[in-house]
1. Quick one: what are the phi-derived ³J(HN,Hα) couplings along the stretch 109-126, Karplus 6.51/-1.76/1.60 with θ = phi - 60°, whole Hz, x for glycine and proline?
2. Give me the Kirkwood hydrodynamic radius of the stretch 176-250 in Å, from all C-alpha pairs, to one decimal place?
3. Express in whole angstrom the spacing between the alpha-carbon centres of the stretch 155-190 and the stretch 197-254.
4. So what is the diffusion coefficient of the chain in µm² per second by Stokes-Einstein at 10 °C and 1.306 mPa s, using a Kirkwood Rh over Cα pairs?
5. Which whole-number value in Å³ per residue fits the convex hull of the alpha carbons of the stretch 1-111?
6. Given C-alpha coordinates of the stretch 41-99, what is the ratio Rg to Rh with the Kirkwood estimate of Rh?
7. In square nanometres, what is the average projected area of the Cα convex hull of the stretch 93-165?
8. In debye to the nearest 20, how big a dipole does the stretch 41-99 give about its Cα centre with +1 on each Lys and Arg Cβ and -1 on each Asp and Glu Cβ?
Amino acid sequence: MTEKGTGRLIIFSGPSCVGKTPLAKAMDRLYPDLYNSLQPLVLYNSRSARPGETEGVDYYFRPRQEIENFKGKEGFIVMDVRGDLQALDLGDLHRLLDRGDVFFEGNPIIGNVLQTNPSLKGVSRLSIFMSPLSRQEIIKFQSPEYGISLPNLVTDIMRKKLLRRTRKQKGELSLGDLENIERRASSAYKELQMAHNFQQVIPNHDGEDSENWDAFYYPIGEAGKALEAVVSLIRNEKPDGVERWEEDLFSQAD
């Protein structure tokens, strides 16, 4: 039993389009007993719902001003997340923890807050970060012999994933879509630098744009490996291919 509530807080984070949402959906489809035992932590969000997203399931979608009004209100944490305003209701989180395990799937900015907020001291946590690059690749691409900028490389990788995802969702892209993609892609490198704050890091090259998540019902390739790793960690097992990143991993980057 923990000091605050009886459940674990399971934090699953990573850059936008790295594959968090399709992994959660695959877990729901293939491991329903495990997935249904986890209570979702739903935050407020100022952006509009994407195709396939549901009010009260993915987020509470509210006008930006309504979320602005949570600032300074006891029990709420309001954060700017890649240009969107999001809010966490700490009271709601504590009520969920009193009933059992809670699952947060989302960005590392909130993932960090869930690990460091004083109100959550004593809560048992499992924190997992999913990365589009492995630790070895990050070390390799920082080497002078490659002559590349790691921040630019990460941005380019995520830009391509985000472009493919948004085209699948919307077809033709608007100027607003392109600006949103660029904002999220540009944020990815800074978010990777947060990964050392998480207990486990799972490299996964199959982003949310990949057909490996659901084209064959069972996830294949790295999508499948990432799913099995997350399931094993939630079960308190020790899967292969999971990394732990040091704080100075990015010390040689531009």
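Each reported figure results from applying straightforward, stated rules to the coordinates on display, with no laboratory input. Quantities reported herein were computed from a predicted structural model and do not represent experimental measurements. In this analysis, Cβ positions are derived from the backbone assuming ideal geometry, glycine residues included, and neighbour counts consider all displayed protein chains.
1. Karplus values, whole Hz, x for Gly and Pro: 5, 6, x, 5, 4, 5, 8, 10, 5, x, 5, 9, 4, x, 6, 6, 10, 10.
2. In the stretch 176-250 this quantity evaluates to 14.2 Å.
3. Here the answer is 21 Å between Cα centres.
4. In µm²/s, the coefficient rounds to 84.
5. 106
6. In the stretch 41-99, Rg relative to Rh is 0.98.
7. 7.1
8. Approximately 80 debye in magnitude.
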